[in-house]
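The values are calculated or read from the model by the stated rules, or taken from the named source; none is laboratory data. Quick caveat, the model's predicted, so the values are computed rather than measured. Backbone-built Cβ (ideal geometry, glycine too); neighbour counts: all protein chains shown. Heavy atoms of the whole protein, side chains included, go into the accessibility calculation; ligands, DNA and RNA do not. Shrake-Rupley method; radii C 1.70, N 1.55, O 1.52, S 1.80 Å.
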Amino acid sequence: MIFKTVSVIGLGYIGLPTAAILASRGVNVIGVDVNESAVDTINQGNIHIVEPDLDIIVRAAVQTDQLKATTIPEAADAFMIAVPTPFKENHQPDLSYIEAAAKAIAPVLEKGNLVVLESTSPVGATEKLATWLADARPDLSFPIDGTEHADISIAYCPERVLPGYVLQELVSNDRVVGGLSNECAQKAVSLYEIFVKGVCHITNARTAEMAKLTENSFRDVNIAFANELSLICDTLKINVWELIKLSNRHPRVNILNPGPGVGGHCIAVDPWFIVSSDPENAKIIRTAREVNDGKPSYVIDCVKKAADRFKAPIIACLGLSFKADIDDLRESPAVAIVETLVEEKVGELLVVEPNVEHLPKSLDGKVKKVDLNVVLKKADIMLLLVDHKEFKSMDKLQFNGKVVIDTRGIWE
Ligand code: SAJ
């Protein structure tokens, strides 16, 4: 095996599962993270994030010494960078974590190493990574401007896994592997073939960067279409769920589901990387973001109108996570909606969220976290925000007399 030791930089939702899968295939894996408490947790064989079965493979990898975590990078045959790429206030991508990762690994790079960037990135980020590494290591040659046979190979290979199914999709999904040269791409494919059963498709780094952004923007635009339809249908007094069901009977139509907005750290963020790189042409992509980001305010207005009918309304908010049956509250429209209802003192708020133990800080002490049976007894308004399985199986007859605002269409 040409990759005996692989270092994974960033042990979050993508880096940790990737590190553990590689370790399970017999590679010595060094996981690097700036978060000391995450490093300690992993070295004890535990995990600091929630993902089905991840705990089992991390524990096995640590117990067999195939995986160790550290805060300081060490020499390895390959480095995989999976750090966050958030955006700044004006929707410009923030590459500071990638730059910090590059500066951290540069001192331990050796001739023959491969560096792969996995973080979702704007087009051109892999070239920037090469420049940061080259600046730090003038003694080594890098594949800048298409140079073949450089000392260090560099490629971009975006993650594409769906939260909740990460361990299956890491193995089964196809991968797009974009090299700064063909040699770099070939080398990266031989790394991914250690654990990927899907096909690894070779391209250049810029196309691979754009492919990732395109996939998530495609989904965002399609969800925006559904969200826009939901507003139009309210105006026209048409049931949007029935409309979509009927339209989807056409052999070439497949409309997604409207909801309270688009959350998570991917689809709500990545399209902005395209917009910021070509604002003039990225019209639909920008509008889709705006339509989806506007949906929470629409839901809030509906709740306010419903609340006006009561003297002291008790509002049950069902679900906080950004999508069904997960515990992830990042960029969640449900959280944003409840926060605004608190700020605007719309009524007494009861929250049901079966997937988290504690309320997020922004809501702690301001709303009550309760069980479903409590809201069935007390609430005047049932505001369904997330289509968790516990809510799907509820008996609608129990809502007798309550106002129901179902943002996901599960009780239609
Ligand atoms: N949503 C809707 N209506 C729908 C589908 C989704 O309102 O019909 C909402 C969800 O409720 C959620 C948001 O969109 O708030 C995003 O959920 P999602 O399930 O569409 O996607 P993510 O963010 O969990 O994962 C996506 C995936 N990308 C695509 O499907 C193109 C995943 O494959 C990527 O790896 C991931 O982003 C990522 O990390 O980029």
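If you scan the range 267-295, which residues turn out to be closer than 20 Å to Arg408 by Cα and within 11 Å of the ligand (Cβ to nearest atom)? So that I can check it myself, show each step before the final result.
The initial filter retains those residues of the range 267-295 that are closer than 20 Å to Arg408 by Cα, namely 267-268, 288-295.
Within the range 267-295, Ile267, Ala268, Asn292, Lys295 meet the criteria.
If you go through the range 269-300, how many residues are within 25 Å of the chain's Cα centre (by Cα) and assigned to a loop (DSSP other than H, G, I, E, B)?
Filtering the range 269-300 for residues within 25 Å of the chain's Cα centre (by Cα) gives 269-279, 282-300.
Filter once more, keeping what is assigned to a loop (DSSP other than H, G, I, E, B): 269, 278-279, 282.
Counting residues in the range 269-300 that are within 25 Å of the chain's Cα centre (by Cα) and assigned to a loop (DSSP other than H, G, I, E, B) gives 4.
Taking interchain pairs and intrachain pairs at least six residues apart, which have beta carbon atoms under 6 angstrom, with the first residue in the range 210-227 and of a type in the set (A, V, I, L, M, F, W, C) and the second open to solvent by 10 Å² or more (accessible area, probe 1.4 Å) and near the ligand (Cβ under 6 Å from one of its atoms)?
Ile223/Leu256; Ile223/Val262; Ala226/Leu256; Ala226/Asn257
Looking at (1) surrounded by fewer than 16 Cβ atoms within 10 Å (Cβ to Cβ); (2) in contact (Cβ under 8 Å) with a residue 12 or more places away in the chain, find the lone condition where Val275 falls short.
(1)
Answer yes or no: is there a residue in the range 308-322 that is in the same structural domain as Phe391 (by TED's automatic domain parsing), of a type outside the set (D, E, K, R) and without any contact (Cβ under 8 Å) to a residue 40 or more places away in the chain.
To start, the set of residues in the range 308-322 that are in the same structural domain as Phe391 (by TED's automatic domain parsing) comprises 308-322.
Applying the additional criterion that residues be of a type outside the set (D, E, K, R) yields 310, 312-322.
Now drop any that are not without any contact (Cβ under 8 Å) to a residue 40 or more places away in the chain, which leaves 312.
Scanning the range 308-322 turns up at least one residue that is in the same structural domain as Phe391 (by TED's automatic domain parsing), of a type outside the set (D, E, K, R) and without any contact (Cβ under 8 Å) to a residue 40 or more places away in the chain.
Residue by residue through the range 240-258, note down the ones that are surrounded by 13 or more Cβ atoms within 10 Å (Cβ to Cβ) and touching an Asp or Glu at 6+ places or on another chain (Cβ under 8 Å).
Val240, Trp241
Looking at this structure, is Pro122 modelled with pLDDT of 95 or more, open to solvent by less than 20 Å² (accessible area, probe 1.4 Å), within 16 Å of the ligand (Cβ to nearest atom) and not charged (D, E, K, R)? Outline the logic, then answer.
On the way: modelled with pLDDT of 95 or more: yes; open to solvent by less than 20 Å² (accessible area, probe 1.4 Å): yes; within 16 Å of the ligand (Cβ to nearest atom): yes; not charged (D, E, K, R): yes.
So Pro122 fits the description; yes.
Which members of the range 390-409 meet the condition of being open to solvent by 40 Å² or more (accessible area, probe 1.4 Å) and either of a type in the set (Ser, Thr, Tyr) or closer than 26 Å to Tyr298 by Cβ (or both)? Full working, then the answer.
Going residue by residue through the range 390-409, those that are open to solvent by 40 Å² or more (accessible area, probe 1.4 Å) are 390, 392-393, 395-398, 400-401, 404, 408.
Correct list: Glu390, Lys392, Ser393, Lys396, Gly401, Val404, Arg408.
Taking the residues in the range 188-206 that are out of contact with any helix residue (DSSP H, G or I) (no Cβ under 7 Å at 6 or more places or on another chain) and open to solvent by 50 Å² or more (accessible area, probe 1.4 Å) as candidates, determine which candidate is nearest to Thr287 (Cα to Cα).
Across the range 188-206, the extreme among qualifying residues is Arg206.
Which one of these is in the same structural domain as Ala106 (by TED's automatic domain parsing), open to solvent by less than 70 Å² (accessible area, probe 1.4 Å), at pLDDT 95 or above and charged (D, E, K, R): Asp65, Asp40, Asp77? Reasoning before the result, please.
Working: Asp65 fails: open to solvent by less than 70 Å² (accessible area, probe 1.4 Å); Asp40 fails: open to solvent by less than 70 Å² (accessible area, probe 1.4 Å).
Asp77 is the lone residue from the list that is in the same structural domain as Ala106 (by TED's automatic domain parsing), open to solvent by less than 70 Å² (accessible area, probe 1.4 Å), at pLDDT 95 or above and charged (D, E, K, R).
Can you list residue pairs whose Cβ atoms sit under 7 Å apart, with the first residue in the range 156-173 being within 22 Å of Ser121 (Cα to Cα) and the second being of a type in the set (Ser, Thr, Tyr)? Count only pairs 6 or more apart in sequence or on different chains.
Cβ pairs passing all conditions: Tyr156/Thr126; Cys157/Tyr192; Pro158/Thr120; Pro163/Tyr13; Leu170/Thr18.
Going by the structure shown, is Ala100 more than 16 Å from the ligand (Cβ to nearest atom), open to solvent by less than 10 Å² (accessible area, probe 1.4 Å), touching a residue at least 12 places away in the same chain (Cβ under 8 Å) and not in a loop (DSSP other than H, G, I, E, B)?
On the way: more than 16 Å from the ligand (Cβ to nearest atom): yes; open to solvent by less than 10 Å² (accessible area, probe 1.4 Å): no; touching a residue at least 12 places away in the same chain (Cβ under 8 Å): yes; not in a loop (DSSP other than H, G, I, E, B): yes.
Against the criterion (more than 16 Å from the ligand (Cβ to nearest atom), open to solvent by less than 10 Å² (accessible area, probe 1.4 Å), touching a residue at least 12 places away in the same chain (Cβ under 8 Å) and not in a loop (DSSP other than H, G, I, E, B)), Ala100 does not qualify.
Suppose we keep only residues that are more than 19 Å from Pro258 (Cα to Cα) and among the hydrophobic types (A, V, I, L, M, F, W, C) within the range 296-325. Which one would you say is farthest from the ligand (Cβ to nearest atom)? Steps first, answer last, please.
First pass over the range 296-325, keeping only residues more than 19 Å from Pro258 (Cα to Cα): 304-316.
Going one step further and asking which of them are among the hydrophobic types (A, V, I, L, M, F, W, C), we end up with 306-307, 310, 312, 314-316.
Details: Ala306: 21, Ala307: 24, Phe310: 28, Ala312: 31, Ile314: 26, Ile315: 21, Ala316: 19 Å.
In this case the residue turns out to be Ala312.
For the range 162-198, what are the residues that are modelled with pLDDT of 95 or more, within 16 Å of the ligand (Cβ to nearest atom) and assigned to a loop (DSSP other than H, G, I, E, B)?
Listed by number, the residues that qualify are Asn173, Asp174, Val196, Gly198.
Spot the failing condition for Glu357; the list is (1) at pLDDT below 95; (2) closer than 30 Å to Trp272 by Cα, and only one is missed.
(2)
Regarding the range 207-215, can at least one residue be identified that is among the β-branched types (Val, Ile, Thr) and surrounded by 17 or more Cβ atoms within 10 Å (Cβ to Cβ)?
Looking only at the range 207-215, we keep the residues that are among the β-branched types (Val, Ile, Thr), and these are 207, 214.
If we keep only those that are surrounded by 17 or more Cβ atoms within 10 Å (Cβ to Cβ) too, we end up with none.
The answer is no; no qualifying residue exists.
Tell me, which helices (runs of 4 or more DSSP H) lie completely within the range 301-412 with 2 or more residues that are small (Gly, Ala, Ser)?
Numbers: elements: 333-343, 372-378, 389-392.
Where helices (runs of 4 or more DSSP H) fall fully within the range 301-412 and carry at least 2 residues being small (Gly, Ala, Ser), they are 333-343.
Taking the range 330-362 as the search range and keeping residues that are among the hydrophobic types (A, V, I, L, M, F, W, C) and more than 16 Å from the ligand (Cβ to nearest atom), which one is surrounded by the most Cβ atoms within 10 Å (Cβ to Cβ)?
Keep residues of the range 330-362 that are among the hydrophobic types (A, V, I, L, M, F, W, C), which gives 334-338, 341-342, 346, 349-352, 356, 359.
Pick out the ones that are also more than 16 Å from the ligand (Cβ to nearest atom) and you get 341-342, 346, 349-352, 359.
On the way: Leu341: 22, Val342: 16, Val346: 19, Leu349: 22, Leu350: 20, Val351: 24, Val352: 26, Leu359: 19.
Once the filter is applied, the top-ranked residue is Val352.
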